[in-house]
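S.K.: First, the structure itself, so that you have it in front of you.
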Amino acid sequence: MDWKDWATFVSKRLAALVVLFVVLSFVTFALMYVSPGTVVDVLLAGRPRSAATVHALNVEYHLDKPFMVQYWMWVRDALRFNFGSSIQTTLPVTDEIKARLPTSLLLGVYAYVLTMVSGIGLGVLAAFRNKRAVDRVVVAGTVVGLSMPSFVAGVFLLFVFAVQLPWFPAFGKGDGGLDTLWHLTLPAVALAMTSAAYVLKHTRAAVLGVLQQDYVVFARARGLSNGRVIRVYVLRNALIPILTISGVLFSYLIVGGVLVEMTFSIQGIGQLLVQSATAKDLPMLQGVVLLVSAVIILVNLLTDVVYLIADPRLRLKHG
Amino acid sequence: MSTRGKYRLASLAAAALVLSACSSGGGTKASSDVLQVGSSAVATLDYSKSNYGYANSLGNLVLEPLVVTKQAGGFGPWLAKSWTQPNPTTYVYKLRTDVKFSDGQPLTAADVVQSLDYYKADGSLVAFNFPSTLKSIQALDSSTVEFKFSEPYPAWNSTLSGAALGIFEKKFFEAHKSTFGQPGTGVIGTGPWQVDSLDATTGAALSANKYYWGGKVPYSKINFSFFSNETNEAVALRTGEIDVAFPQDPRAFASTAKTKLTTAKTGIDKVEFWMNTLVAPWNDIHVRRAVAYALDRNALVNASGVVGSPLDTVIPRPLLLQLGTTEQVNTALDGLREYPPDLTKAKAEMAQSAYPHGTTVTLATVKAVSTTSQAVVAELSAIGITAKLETQTDEANNAELTSGNREAIHSQVVPVGGSGIDPGLAYDYMFGSANAKAGGWNGTNWSTPEVDKLRAEGLRESDPAKRLAIYAQLIKQYADAEPLVPLYTKNQTVALRPGYTWPDFGADSLFNEGPWPLWLKRGQ
Amino acid sequence: MARQTEIVSTRKPRRYAPRGLAIGFCFVVAGGILFLAIFGPLLAPQDPNAQHLQDVLAGPSSQHWLGTDSLGRDVFSRTIVGAQLGVLGPLVIAVGSFAIGNLLGLWAGYRRGWVDSLVMRWVDLMWSVPTLLVLVVAAGAVGASYWLAVGLLVILSAPFDTRIIRGVVMEQVPRPYVEAARTVGVSGRRIVFLHIWPNVAPVAIANSFLVFASSLVALAGLSFLGLGAPPGTPDWGLMLSESQAMLFVNPVATLAPALMIVVTATVANLIGDWFDEYLTSRMGAT
């Protein structure tokens, strides 16, 4: 692949991103528009309402304009990176997102690291101990882990490790630094459980596959240490498939964070998503939806690029 | 309608006494005069844009009202030291002259006028507090404010005592109009604490206002942590991360937090079962009465998980105590048609109705009362009414209830928030034919000319005895026609960590909040 | 050729599926859950919706094996009846996305050309839409609705099936038997459905089990957020979220629905793996 192919490849993906933005923002806008009740009904809630107040709020939030005009006004501002102010909190959408994004990203990265370290580590271990007790225990754990929803794990981790054994804090994101890591540990474990099982499963299979290759059998026959065999032969060859799924995993962790953030009362993007969706906070919701889909597309793109670089066979195929 | 708009009351129980008690009982360790509070998130203290500020117990510590309700009934001075009524439609309030804002500036009438004008403007979420008969708000001099009405409005003190009408500093407001109340800007008030930092996502830090006119305050710092989920809040209380919380789901909270709750004896937030009298079968009075007999209020309170008091009147009896003694209230309500839970009577009423063999209805509900609704459905089935439960989003429910199509919702279990503690004003917005139109909250669409008359007279009348008679009459009218079944009031509860006590909480017939940490005590 | 596609393939790795006794056990458990889903209302010892308001939040007893919930309903009976929604929704999703995915996958993989690129553009687009995000936004707008979520999941899972089926079809098309059928003059439709599809079916069926498991988890998660099944429904996710707050009063009431979710999803995943390994290797040999 030369630079031209690269350029087409990347620009195609970015074009897809733009299409997705338009589709998602329009669908979100339309959904909120057709669903019963407006933001005025959210704001005034059960209070007595005067016609003057309802009218003033309708004008303030442009609800008196036709649908397409409302959408166009939003697009016009969004193109200038002005996503408006949250209706619920009155704060600029970008500020709210900025305040929460680091927590969510940290949670995602933390869970990602846990996933990779435990998934690959245990996967290699299980493969080397194939069909022995360690392998069977790990595999059994994986089978359950794969089907354990993060919120189920979260509820029980909270119960055991924050309440019965008060080793970890029960809520929130802490005060930054180590304290934040401390606070995010249980949520990250809950979030990483499924993905770690997934990585483990793939790693074990890939390593088993490589271990059966002639060159590995030969290397072991030559009496090379297990450590050296792992480093030189196994990991390098087995990790390419892991790399492919790792991007998907990161997207999974970012979106899966919604449930974990709700379970642990963590002030992240997922919590913001649920809150703004249930409160008809359209500007906020649009911001979150676009952000999350952008992160996912970019991560996927990045994975593909890395994958293309890592595996020359694919480059040929693409070329 | 009202977990959403919690109208917290700002009546301050013998505050001066508590204050002096607190300041004299000082000598606490430096670390122990920090209070940790759990609440839902507060993103702004601009009450005109969001009710979270005053509903989540934070704003009350910073912004204070002009007057407060007294434990013994009636209203007492707070920022205003006295008031007069030079003629039936004019009210004049004299401000205290020793009050300073937390930046050291003195409180003046201009601040009061600015604050109330701001709250009253069209588009303000708290504008509903101001009746259309209010003609002008004026500063007569630096410490006198005059309110002119087009007709008498005896409930005005009750309105001014609301937590939602806290007074802020005009100068600061004018300098920070675009970000007023928001994190980074905040508000300047006269309350015992000031906001040092506010983060819409995590919490707020408050410190004592050194200019506070009430003297030294018991906690030099108060930290708020914001929770999006009450289970976590309860766990945090259990593990000692917070000291105080005001739970919405008290039973679950108490069990998770492993603490006993302190509970008020009543509240102004009701839960009711509304029957739309415009549609069948609810246009049949026998069906409505059958339902009233069939619903067991005590069982419903138990099912709901809240701390509540069963209701038998459309205006809760404790509110009427502002107008007379228990005895007087009971006498006034003599002859009230009552509906004790009684399946035999319920079935007899059904047999008399046009639906002796039962019928099928739809029953709307919102998430806040979904447990109660499910219990209601089960109790209705005992008298042959098969109810199909439809859970709506809050805004969809609000939109349908107030829409021009008055038949959109047939029946519903509905949380009804009181807009203030005045017995007439609290639920006025759901009474009468004027509210049975687009924009109105009368979801039963039931009214009579007499109800309309009583409503109007009650708000004009200033003699307590006459008002009591009017509202007793209104209550009886409702009980006779029974367009709605009052179920229970949700009573205010507070969860405290061991070592803290709140002696006056719930001692009053009407719970009050105000700058509440002033009367929260740390045990010996 | 085969080896090269193997490396590119996103299919699950081999040597993971349960064998012998283990898979037998999985089928027994799956059969049991299916049995509960069909006959649950008959099997439940009590009416799962009958309320006992005097006996709320009771612990396990001889009368209520898993205690009662906040309306005094029997948790054991509700857990049994919960199998109905627990299985039905994911089943509809698995079958729906199986149907759509197979049709589109066969069509695109066999016809190629503009049909293929159109279908694949659509697949790519849906692929990059985060499922949970869509579910939360839709439920937030329209209100909690189980069947809305099921419908959306059908649409969002179908591209997953489509992509896999298309891949397998493309592997099959160059094979001699297809060529032979073509030369004899068999119609395209016949080739696709009678010749190619039987070779693709095992992969498709195996995949459906995975879709089943992931939909189960997604629906439970949505109910857990209060955006799925309406309040009062005996639904495992909802039961878990409702009883979570009362974890200290009656832990088994939280444990039971959680366990059912995990067990059902696990069994579906394992059976899916088993199908994938054994059926595809057997079919692939022909």
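The values are calculated or read from the model by the stated rules, or taken from the named source; none is laboratory data. Treat the numbers as computed from the prediction; the structure is a model and nothing was measured. So basically every Cβ, Gly included, is an ideal-geometry build from the backbone, and we count neighbours across all protein chains shown. We work out accessible area using only protein heavy atoms, side chains counted, and drop any ligands, DNA or RNA first. Shrake-Rupley method; radii C 1.70, N 1.55, O 1.52, S 1.80 Å.
S.K.: Restricting to segment B:269-490, what percent of DSSP beta bridges are antiparallel, rounded to 5?
M.R.: On the way: 15 of 24 bridges.
Roughly 60 percent of the DSSP beta bridges within segment B:269-490 come out antiparallel.
S.K.: What nm value, rounded to one decimal, do you get for the distance between C:A22 and C:V95 when each label is placed 7 Å out toward the C-beta?
M.R.: Using points 7 Å along Cα→Cβ, the separation is 3.1 nm.
S.K.: I would also like to ask the following. Taking only protein heavy atoms into account and a 1.4 Å probe, give the accessible area per residue of chain B in Å². Let's see the in-between values first.
M.R.: Working: 18050 Å² over 524 residues.
Computed with neighbouring chains in place, this is 34 Å² per residue.
S.K.: Run the numbers on segment A:68-98: which residues show a drop of 20 Å² or more in accessible area, chain on its own versus all protein chains together, using a 1.4 Å probe over heavy atoms?
M.R.: Hits at the 20 Å² cut-off: A:Q88, A:T89, A:T90, A:L91.
S.K.: Let me ask you something else. For segment B:376-524, what is the largest minus smallest coordinate of the Cα atoms on each principal axis, given in angstrom and ordered from greatest to least?
M.R.: 58, 43, 30
S.K.: Taking the DSSP beta bridges in chain B as the whole, what percent of them are antiparallel, to the nearest 5?
M.R.: Details: 55 of 72 bridges.
Of those bridges, close to 75 percent are antiparallel.
S.K.: Between the chain alone and the structure with every protein chain in place, find the residues of segment B:374-390 that drop at least 20 Å² of accessible area; heavy atoms, 1.4 Å probe.
M.R.: B:Q374, B:A375, B:A378
S.K.: State the dimensionless ratio Rg/Rh of segment A:3-100 (Rg: radius of gyration of Cα atoms; Rh: Kirkwood radius). Can you show the working numbers first?
M.R.: Details: Rg = 17.8 Å, Rh = 16.0 Å.
On the Cα set of segment A:3-100, Rg over Rh gives 1.11.
S.K.: Enter the mean number of other protein chain beta carbons within 10 Å of the beta carbon of each residue in B:229-241, as an integer.
M.R.: 6
S.K.: Identify all aspartates and glutamates with a Cα-Cα distance to B:K437 below 15 Å; exclude those on the same chain that are fewer than 8 residues away in sequence.
M.R.: Correct list for B:K437: B:E400, B:E407, B:D428, B:D452.
S.K.: Return the FRET efficiency for the residue pair B:K216, A:H55: r is the Cβ-Cβ distance, R0 is 60 Å, and the value is rounded to the nearest 0.05. Could you put the intermediate results ahead of the total?
M.R.: Working: r = 48 Å, r/R0 = 0.79.
Taking R0 as 60 Å, the efficiency between B:K216 and A:H55 is 0.80.
S.K.: What's the carbon and sulfur percent of chain B's accessible surface, probe 1.4 angstrom, rounded to a whole number?
M.R.: Working: 9160 of 18050 Å².
Using a 1.4 Å probe with all protein chains present, chain B comes out at 51 percent carbon and sulfur.
S.K.: Let me know the mean shielding of A:207-219 by other chains, meaning the per-residue number of their Cβ atoms within 10 Å of its Cβ. Provide the component values of the computation, followed by the final result.
M.R.: Working: counts 1, 4, 4, 0, 0, 0, 0, 0, 0, 0, 0, 0, 0.
Mean number of neighbouring Cβ atoms from other chains: 1.
S.K.: Counting DSSP beta bridges in the protein assembly as shown, what percent are antiparallel, to the nearest 5? List each step's numbers first, then the result.
M.R.: Details: 57 of 74 bridges.
Here the share of antiparallel DSSP bridges comes out near 75 percent.
S.K.: Using 0.36 nm times the number of residues separating A:A7 and A:F26, minus their current alpha carbon distance, what extension gain do you get? Display every interim value, and only then the final one.
M.R.: Details: separation 19, 0.36 × 19 = 6.84 nm, distance 2.85 nm.
Contour length minus the Cα-Cα distance gives 4.0 nm.
S.K.: Amide H neighbours of B:A41 under 5 Å, at least 5 residues apart or on other chains, H built in the peptide plane: list them.
M.R.: B:F227
S.K.: Let me ask another. Simple spin-label model, 7 Å along Cα-to-Cβ: B:A110 to A:D214 in nm?
M.R.: Result: 9.5 nm between the two label points.
S.K.: What is the average number of partner chain Cβ atoms found within 10 Å of a Cβ in B:255-264?
M.R.: Numbers: counts 7, 9, 1, 2, 0, 0, 0, 0, 0, 0.
The shielding value for this peptide is 2.
S.K.: Could you name the lysines in cross-link range of A:K12, using Cα to Cα under 25 Å and dropping any fewer than eight places away on the same chain?
M.R.: A:K12 reaches A:K4, A:K317.
S.K.: Something else about it: What quantity of accessible surface, computed with a 1.4 Å probe and excluding non-protein components, is buried in total between chains C and B, in Å² to the nearest 100?
M.R.: Working: alone 14810 and 20420 Å², together 33710 Å².
For chain C against chain B, roughly 1500 Å² becomes buried.
S.K.: Taking every pair of alpha-carbon atoms in chain B, what share in percent sits in each 10 Å bin, from 0 to the bin with the longest distance?
M.R.: 4, 18, 28, 26, 16, 6, 1, 0
S.K.: Moving on. Could you do me a favour and compute the accessible area per residue for segment A:195-240, 1.4 Å probe, result in Å²?
M.R.: Values: 2290 Å² over 46 residues.
Dividing the accessible area of segment A:195-240 by its residue count gives 50 Å².
S.K.: Whole percent per 5 Å bin, from 0 to the bin with the longest distance: what is P(r) over all C-alpha pairs of segment B:269-490?
M.R.: 1, 7, 15, 20, 21, 17, 12, 5, 1, 0
S.K.: A further question follows. Consider all pairwise Cα distances in segment C:205-246 and report the whole-number % of them above 12 Å.
M.R.: Working: 493 of 861 pairs.
Here the tail beyond 12 Å accounts for 57 percent of pairs.
S.K.: Accessible area per residue, 1.4 Å probe, Å², for chain C: what's the number?
M.R.: Working: 12020 Å² over 286 residues.
In whole numbers, chain C has 42 Å² accessible per residue.
S.K.: What ratio of Cα Rg to 2.2 N^0.38 Å holds for segment C:57-98?
M.R.: Details: Rg = 14.5 Å, N = 42, 2.2 N^0.38 = 9.1 Å.
Expressed relative to 2.2 N^0.38 Å, the Cα Rg reads 1.60.
S.K.: Convex hull volume of the Cα atoms in chain A, per residue, in Å³? Spell out each step's value before the answer.
M.R.: Numbers: hull volume 56.6 nm³, N = 319.
So the per-residue Cα hull volume is 177 Å³.
S.K.: Before we go on, tell me the buried accessible area for the A/C pair, both chains summed, 1.4 Å probe, in Å² to the nearest 100.
M.R.: Numbers: alone 17330 and 14810 Å², together 28140 Å².
It comes to approximately 4000 Å² buried between A and C.
S.K.: Hey, what D do you get for the protein assembly as shown in µm²/s if you plug the Kirkwood alpha-carbon radius into Stokes-Einstein at 10 °C and 1.306 mPa s? If you can, show how the numbers build up before the last one.
M.R.: On the way: Rh = 32.1 Å.
The Stokes-Einstein estimate is 49 µm²/s.
S.K.: Please find the FRET efficiency linking A:L14 to C:F193, where r is the Cβ-Cβ separation and R0 is fixed at 30 Å, and quote it to the nearest 0.05. Present the calculation step by step, with values, prior to reporting the outcome.
M.R.: On the way: r = 39 Å, r/R0 = 1.30.
My answer for the efficiency is 0.15.
S.K.: Expressed as a fraction of 2.2 N^0.38 Å, the rule-of-thumb size for a compact globular protein of N residues, what is the C-alpha radius of gyration of chain C?
M.R.: Details: Rg = 22.0 Å, N = 286, 2.2 N^0.38 = 18.9 Å.
With N residues counted in chain C, Rg over 2.2 N^0.38 Å equals 1.17.
S.K.: Over 30 Å between Cα atoms, which of B:K221/B:K270; B:K345/B:K466; B:K70/B:K135; B:K148/B:K265 qualify? Walk me through the numbers on the way to the answer.
M.R.: Values: B:K221/B:K270 35 Å; B:K345/B:K466 35 Å; B:K70/B:K135 28 Å; B:K148/B:K265 36 Å.
The pairs that break the limit, which is 30 Å between Cα atoms, are B:K221/B:K270; B:K345/B:K466; B:K148/B:K265.
S.K.: Related question: Rg to Rh ratio, segment A:133-277, alpha-carbon atoms and Kirkwood radius? Could the numbers behind the result be given before it?
M.R.: Numbers: Rg = 19.1 Å, Rh = 17.4 Å.
Result: Rg/Rh = 1.10.
S.K.: Tell me, how many Å apart are the Cα centres for segment A:147-210 and for segment B:116-170?
M.R.: What the calculation gives is 53 Å, centre to centre.
S.K.: While we're here: Quick check: pseudo-label points 7 Å beyond the Cα along Cα→Cβ at A:F161 and B:K345, how many nm apart are they?
M.R.: 5.8
S.K.: So, one more: Take the solvent-accessible surface of the protein heavy atoms, probe 1.4 Å, and return the percent of it on segment C:24-285 that carbon and sulfur atoms account for. Spell out each step's value before the answer.
M.R.: Values: 7190 of 10170 Å².
Looking at segment C:24-285 in its full context, I get 71 percent from C and S.
S.K.: For segment A:3-79, with all protein chains present and a 1.4 Å probe, just round the carbon and sulfur fraction of the accessible area to a whole percent. Write down the numbers at each step before the final one.
M.R.: Numbers: 2990 of 4050 Å².
Looking at segment A:3-79 in its full context, I get 74 percent from C and S.
S.K.: Report ³J(HN,Hα) in whole Hz for each residue of segment A:271-286, in order, from the Karplus equation J = 6.51 cos²θ - 1.76 cosθ + 1.60 where θ = phi - 60°; Gly and Pro get x.
M.R.: Once rounded to whole Hz, the list reads 4, 4, 4, 5, 4, 6, 5, 7, 9, 6, 7, 4, x, 5, 4, 4.
S.K.: Out of residues 5 or more away from B:D269 or on other chains, whose amide H comes under 5 Å of its own, with H placed 1.01 Å from N in the peptide plane?
M.R.: B:G418, B:K490
S.K.: Based on the Cβ-Cβ distance from A:N226 to A:W182, what FRET efficiency comes out when R0 is 51 Å, to the nearest 0.05? Please list the in-between numbers first.
M.R.: On the way: r = 35 Å, r/R0 = 0.69.
About 0.90, to the nearest 0.05.
S.K.: Buried accessible area between B and A (1.4 Å probe, both chains summed, ligands and nucleic acids excluded), in Å² to the nearest 100?
M.R.: On the way: alone 20420 and 17330 Å², together 34440 Å².
Summing both chains' loss of accessible area gives about 3300 Å².
S.K.: Oh, and also: Using a 7 Å offset from Cα along Cα-Cβ at C:V29, what residues in segment C:189-226 end up with backbone N under 17 Å from the label point?
M.R.: C:209-217, by backbone N distance to the label point.
S.K.: Nearest 10 degrees, 0 to 90: what angle lies between the long axis of helix B:449-460 and the longest principal axis of chain B (Cα atoms)?
M.R.: 10
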